[in-house]
């Protein structure tokens, strides 16, 4: 049985949130014509449309515009890769409109088991390339800036810090140790004022997040989310007998209000984002370094920000994390040496993820070991694989990333 | 669900985001590139001469097989990447593999796993030589006959001669299949050290053992070990010639579940000397928590444990001079360049890097200091063991590796 087009009607989307329902209804004629694999993936996005970032909404809208613009022959050709995927009768019959996320999990299992995952991937790649070419993303307002800070609580070890990043930019081994993290917070706030675009400027913090800007900046910190983390850990513990997949499904369906993230002062989009970071990101619930890396990754992937500042703080030891998961933790113990390694890799991954966004060639990236005199800066204006022994502070390094010395 | 972890989501994101990098290369080209990178690294790191490169040759050793042939198979459940092993930055993590195993063994640089990348189902595929397609998280036996069943049935070997030491409760049924003509009572005994430990721990003594009891790393939640009766526990203690109290006491001094597994393996080798012993290490899968430092620690530990096992092989008269050791990851992990994943953390994308890994073979008659570049499959292991021991795995899809025989 191949993945054929589907009959839909307005009532099918009654359970969708308002904006998602409206979008589905407006595009009903188009949705009718899409093969099930692509349709369910689109619906998985549409059902969450109300809580999507502007960049994500733009991507969904561009896809629909692209598809609507195709004549029947073009549409059939564009969909052929998805339409040729073979579905099982069980899968065809299972609930999908009301819970496309769960259906996509089943579809995933089916594609892996039937060795069709590569065919799916090829179809998806072709489709994405086609719609991005036909309806491209708008140019960005300014070069993107991402900064990864390794907190000064961590101490230097024999580990070769910034080993991977040094090859990409200029290494500064003599950074003024008095350089202030607040300089970077001010940079984010300044860019947010100059380019006032919703969810385009982010601060992520692996500690208590004290002093993070909130005006026009999306700020997320590990410490203040502790009650949410603990509630989710309880959910995991309660469901542990059901197995990892069932727990994951249960977590994926967690409503922010169920873990205390609701109320008139709560940014619903950001709250849902935070819950997804903690429910979909393995390890984010127990390790602050993983939380920062994954949050930065998801912020870049989903919100496509112009500015992102991510600060890594020490994570707890593995033993301490085990205790937390079992509910037997007293005072957490910290693994400073391990945290340094994790933060270094996290910084590298943050750069990689920034490079995946539009305008990558113009992007600016800074990784800084706070209080310990080391930084790497990557910019079109700085040579790759070079070392600069000048004694500079982080403000000066940032200046050099944006204008020639 | 099979494999789980939202793999289709990741595939979708993979397509929807970065389309650069190696995308223009075919999977085969990428796999070849991986293989050649490993080869070049090995030549530089271990001084393997071009003359040691093998690309298919006639069998040399079959006629000289020692009497009482034994085999120890060690899989790295969780998979490792080249970046952290067979690449310049990774060499510090595998000193024993590089300096002891490679010079004295043969390495296959391109072992491809075309199956589902979940640890239980992938390990089941390794032991059957067929890509199993069952739910990775289900408590099921493999559908196809296992290597242990072929071995025992065709060579009329007793139950005490084939054992599996496995990392988590989910592996409890891997010793024998549900295949007609094989099945119950004809396979290997399976020891789950964590289950033993949970039963052996003094009452109310969870503290101090937490780090050894984590069932798997796919879910951060502690899963209570499945029950072991007092009778079973004491039978096992009798088998291993270690008192329950000593076992629990010794376990407390160990750092990780894999150390516990190797401790049990050593006891088993000393007491029963099974001819076919399969050990699945799993610490490396801590990578799922997103902590790069713990992942690296686990690779270094696995490297050390392999060396310790070889020392036992050389020390024990039952094994010395007649044992072939196979070491291979069950599969790889996602590459940094695959945007659908998160680098080392997972094995979700099914990209070539996560499917292409390596295998080292060491033992009497195995060519030393040799590299085999040609692509082989992970399902080739069972028929290779078949040729080594002299049984025919008729349902197996793989092919024996002549370079080992």
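The values are calculated or read from the model by the stated rules, or taken from the named source; none is laboratory data. Here the structure is a predicted model, which is why all the values come from computation and not from measurement. Please note: Cβ atoms are built from the backbone with ideal geometry, for glycine as well, and neighbour counts cover all protein chains shown.
Brief remarks on what is shown
- Looking only at segment B:277-299, residues that are part of a helix (DSSP H, G or I) and more than 12 Å from chain A (Cβ to nearest Cβ) come to 2 in all.
- Among (1) touching a helix residue (DSSP H, G or I) at 6+ places or on another chain (Cβ under 6 Å); (2) surrounded by fewer than 24 Cβ atoms within 10 Å (Cβ to Cβ); (3) modelled with pLDDT of 95 or more; (4) closer than 26 Å to residue B:84 by Cβ - the single one residue B:266 does not satisfy: (4)
- Condition check for residue A:141: more than 13 Å from chain B (Cβ to nearest Cβ) and more than 20 Å from the chain's Cα centre (by Cα): yes
- Filter result for residue A:382 (within 30 Å of residue A:400 (Cα to Cα) and more than 25 Å from the chain's Cα centre (by Cα)): yes
- If the condition is being over 25 Å from residue A:248 (Cβ atoms), touching a strand residue (DSSP E or B) at 6+ places or on another chain (Cβ under 8 Å) and surrounded by 18 or more Cβ atoms within 10 Å (Cβ to Cβ), then segment A:99-151 contributes A:144, A:145, A:146, A:147, A:148, A:149, A:150, A:151.
- Any chance residue B:221 is at pLDDT below 85, under 19 Å from residue B:315 (Cβ atoms) and not in a helix (DSSP H, G or I): no
- Count - residues of segment B:368-380 that are out of contact with any helix residue (DSSP H, G or I) (no Cβ under 6 Å at 6 or more places or on another chain) and buried (at least 18 other Cβ atoms within 10 Å of the Cβ): 5
- Residue A:286 passes every criterion in (1) closer than 16 Å to residue A:207 by Cβ; (2) outside any loop (DSSP other than H, G, I, E, B) apart from (2).
Residues are listed down the side, and each one gets a yes or a no for (1) more than 20 Å from the chain's Cα centre (by Cα); (2) within 12 Å of another protein chain (Cβ to nearest Cβ):
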| site | (1), (2) |
| --- | --- |
| A:35 | yes, no |
| A:67 | yes, no |
| A:87 | yes, no |
| A:104 | no, yes |
| A:108 | yes, yes |
| A:126 | yes, yes |
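- When B:334, B:373, B:351 are checked against the criterion of being more than 26 Å from residue A:119 (Cβ to Cβ) and at pLDDT below 95, a single residue qualifies: B:373.
- The requirement of being within 14 Å of chain B (Cβ to nearest Cβ), in contact (Cβ under 8 Å) with a residue 40 or more places away in the chain and over 28 Å from residue A:222 (Cα atoms) is satisfied by residue A:135.
- Selection count where residues are part of a loop (DSSP other than H, G, I, E, B), over 21 Å from residue A:150 (Cα atoms) and at pLDDT 95 or above, scope segment A:189-247: 6
- Looking only at residues of segment A:345-371 that are out of contact with any strand residue (DSSP E or B) (no Cβ under 8 Å at 6 or more places or on another chain) and over 21 Å from residue B:336 (Cβ atoms), we find that the one that is nearest to the other protein chains (Cβ to nearest Cβ) is A:362.
- Residue match in segment B:316-334 (condition: crowded, with 22+ Cβ neighbours inside 10 Å, more than 20 Å from residue B:74 (Cβ to Cβ), touching a residue at least 12 places away in the same chain (Cβ under 8 Å) and in contact with a helix residue (DSSP H, G or I) (Cβ under 8 Å, 6 or more places away or on another chain)): yes
- Restricting A:282, A:296, A:258, A:262 to residues that are under 27 Å from residue A:350 (Cα atoms), more than 10 Å from chain B (Cβ to nearest Cβ) and in contact with a helix residue (DSSP H, G or I) (Cβ under 8 Å, 6 or more places away or on another chain) narrows the list to A:296.
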